[in-house]
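**Student:** Below is the structure I would like to discuss, written out as structure tokens.
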Amino acid sequence: MNRLIFIVLSLCVFTQIGCASNPLDGPLVTLNVTVFEDSGMPLEGAVVTGGFRSKDTGTPAAIGETDQLGKASIRGHVPFGSVRLIVNKEGYYTNTFKRIYTTDRNLSELAPRSRDVKTTLRQIMTPVPLIAKHVENVQIPVKGEWVGYDLELGDWVEPHGNGERVDLRFRYSNKFLGYRMNEPKLSEGIKVAKRLTENRGEEWTEEKQKHFFGKWSGDLEISFPGEKEGILAVTESNGYLAESELRMPHLAPEEGYAASISWNDVRNGQFMPKNGNGFFLRVRVRERNDQILEANYAKINLRPYGTAHDGLRFDPRGEVSFSYYFNPNVNDRNLEFDPKKNLLQNLDRDEQVKLP
């Protein structure tokens, strides 16, 4: 009898039919997926793959293909509350949803349920070579003063680096708010950190003590040296797709750039306030009679749940991290990057940008 029950449960997992009451596999969930093109038209022939999980058999995949209306439905058991969903089609960038949550407090834990998912696949159009670099936890050289950054050379401008032309400027201020731990833990932590610092031949200072163990609040500003240069925030409302390989639109807009942007009262451990999910930049503007004759365009990619190679982050102790893409061709707004053709050579592994 026990063997018969085991066989029935196994069949339920692989065929994904009935058996919604199986406590080992969780509730049966149907994902109703609708896929669109950039134009807003339904996309036929997109492959939809759901990684449904079973405590007994691992991760069986459910696969569907969208019809003329761009719709496909897949289903499976979900014991842990979420499903990984992948949508792709040849000629388009892949969309990956790390978690489609399926829990519902108003339903029985084992009751069948469904979730509707709408998504847009961006077409692979004209990937081009760009200057692309990931800057990770780099200290802004001076506090309280504007410091320029050269996107083409990938460095702070002189005298703080080898950069030659100011494309954008950073300025920060910060405030020490006290220590993050009580006195006994702080004393023990200082002993260890001091010993490690002195073993490296460096002097332990109160400034380092505050840096390592302190609570900080900081403000960050980004501005530009020329008129009509600026920054444009991209959110889900104007074209950001967090699940897509190509998260921002192919082309930088011609208008809508602000002269500056700022983040205030950023605390330790915060990712970043929600000014935008990504940013377009217009730099190196040359104008005549209030008309733009020449400009270069760039983007900074940000993902709310990003990895070490995504985003714009600010540590209130004065460090910034950001991934940027710069098109050196004047008046070319195409920022669809070919990761195999980075124009910035000899980058360290942690400086390389792998997404378009």
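Bear in mind that the values in this text are calculations on the coordinates, not laboratory data. For clarity, every value in this text was computed on a predicted model and none was experimentally measured. In this analysis, Cβ positions are derived from the backbone assuming ideal geometry, glycine residues included, and neighbour counts consider all displayed protein chains.
**Student:** Please grab the % of Cα pairs in the range 216-273 that end up more than 15 Å from each other.
**Tutor:** 63
**Student:** Next up: If you take the C-alpha gyration tensor of the range 103-211, multiply each eigenvalue by 5 and take the square root, what semi-axes do you get, largest first, in whole Å?
**Tutor:** Its equivalent ellipsoid spans semi-axes of 41, 34, 14 Å.
**Student:** What's the ranking of 250-258, 181-189, 238-246 by average number of surrounding C-beta atoms within 10 Å, highest first?
**Tutor:** By packing density, highest mean first, the sequence is 238-246, 250-258, 181-189.
**Student:** What is the diffusion coefficient of the range 182-265 in µm²/s, taking the Kirkwood radius over Cα pairs and the Stokes-Einstein relation at 4 °C with a viscosity of 1.567 mPa s?
**Tutor:** Numbers: Rh = 17.5 Å.
Rounded, D is 74 µm²/s.
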